[in-house]
Amino acid sequence: MARPEENAKFPSCDAYFDTIQSKKKLPLALQESLTAAFAQIPVASFPDVPSGRVTEIPGETSVLDAVRILSEHNIRAAPVLNPEPGAPADWQGRYLGIIEYSAIILWVLDNADLAAVALSAGSATAAGVGMGAVGAVGVAALGVTGPAAVAGLTAAAVGAAVAGGLTAEKGVAKDGVTAADHLGEDFYKVLLQQEPFKSTTVRSIVESYPWSPFVPVTLDSSMLAVLLLLSKYRLRNVPVIEPDKPVIKNFITQTGVVKGLQQCKGRDWFDYISALPLSDLGLPFMSLDEVITVNSDDLILEAFKCMKDNKIGGVPVVEGPRRKLVGSVSIRDIRFLLLRPDLFSDFRHLTVLDFMKALGSTLPDSGDNGLVKPPLTCAPDASMGSVIDSIGSRITHRIYVVDGDFEVVGVVTLRDVISCFIHEPPGFCDSYLASAMEKLEDKGDADSSVENS
């Protein structure tokens, strides 16, 4: 599969962080003191994951089983073990990367149309879709012939062709396109129980969709490095390894850091900051016109695509011209499409509102309106302390700022909260990022060699 070029490197984060620094109203002296303090705190002092052991997923695990593991452990991501015997004994050899819901959703969206074409022929195998190359359906759809052309086509290419409407234009596999509008449980069976989809492993997803770089730190690293990776550099999690061992000892997440901040109550610096209203901290950093929303009557598939395209973990669901908040959808909710085949029955016509109702009818924490639990909200004049308490009390990455009419006027994310407490000394994270980039570039060269052989 083609590797999205923008995901193979760190995004440019300077603009975001510069904007935050310009909006923050905390005294610079206080920020510098906090930054210096975090630079002296070793990562080893951070509490272990709640279970006491980091959940790891073997690379040969199927996609469906991986989703079950993430869901059962109530986690968003997990390190992926390299199944290759004889791999190097260091952490680069032991781990392939991190599997996240974000990467899984990319895989689902890229393969949904391909599975629909396969459905028209009864199965992916009957449709001519192989593990490494596509058969008659793919070749005819793309309008190419010859052994060389056939060998060079991948399943991802067919998926792209179907998504772009090429099959319809060529007059090929129209039954597949029609079937896509009337998908039932058969679609679920094709996607997860027949080849090549059934054999799709966590390893292939991690290597094809590197949503975020794998950047471990050691126990003797500073917490400042972790906080910067989780805020400025947009990582959602940072693995922790022992200096002389390749095993991941801890797994620090944005949520874990914010929960850690909660434990600082009673300290003068925290009590001072937590008492300030959001506006005094320059929050929300994201302006009203920058908040990405979806309407309740939008298709749930479009909501997931919106999150994928904008590389965000969740969106508020609104109604009406004044964008009244009625719910939210997170990228983590993709698990319900994979774990509940009944939701596949009409998923191309399933609206966001219907999706939320379907979940609200089965989940124990549904709200009075039959939807999933309402999203976290706060007023524009809420204190930072109340926001930290709200976010820390639930497993969520954001809180929506609403006015008196419940109109969405902003959003505050875990990343924003962490960014309020620190700034980056010049070049502080260069060594961490350079190491991660070197590993990614080496991995990309190796993958290219395999693809071209």
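Observations on the model:
- Annotation note: Cβ proximity below 6 Å between a residue of the range 15-31 that is part of a helix (DSSP H, G or I) and a residue that is open to solvent by 60 Å² or more (accessible area, probe 1.4 Å) (sequence gap 6+ or interchain) occurs for no pair.
- For the range 220-248, the set of residues classified as open to solvent by less than 40 Å² (accessible area, probe 1.4 Å) and more than 18 Å from the chain's Cα centre (by Cα) consists of SER221, SER222, MET223, LEU224, ALA225, VAL226, LEU227, LEU228, VAL240, ILE241, PRO246, ILE248, listed by residue number.
- Counted residues, the range 63-100 - those being outside any loop (DSSP other than H, G, I, E, B), at pLDDT below 90 and out of contact with any strand residue (DSSP E or B) (no Cβ under 6 Å at 6 or more places or on another chain): 10
The values are calculated or read from the model by the stated rules, or taken from the named source; none is laboratory data. Predicted model, so just to flag it, every value in this text is computed and none were measured. Cβ coordinates were reconstructed from backbone atoms using ideal geometry, including for glycine residues, and neighbour counts include every protein chain displayed. SASA here: full protein model, heavy atoms, side chains in, ligands and nucleic acids out. Shrake-Rupley method; radii C 1.70, N 1.55, O 1.52, S 1.80 Å.
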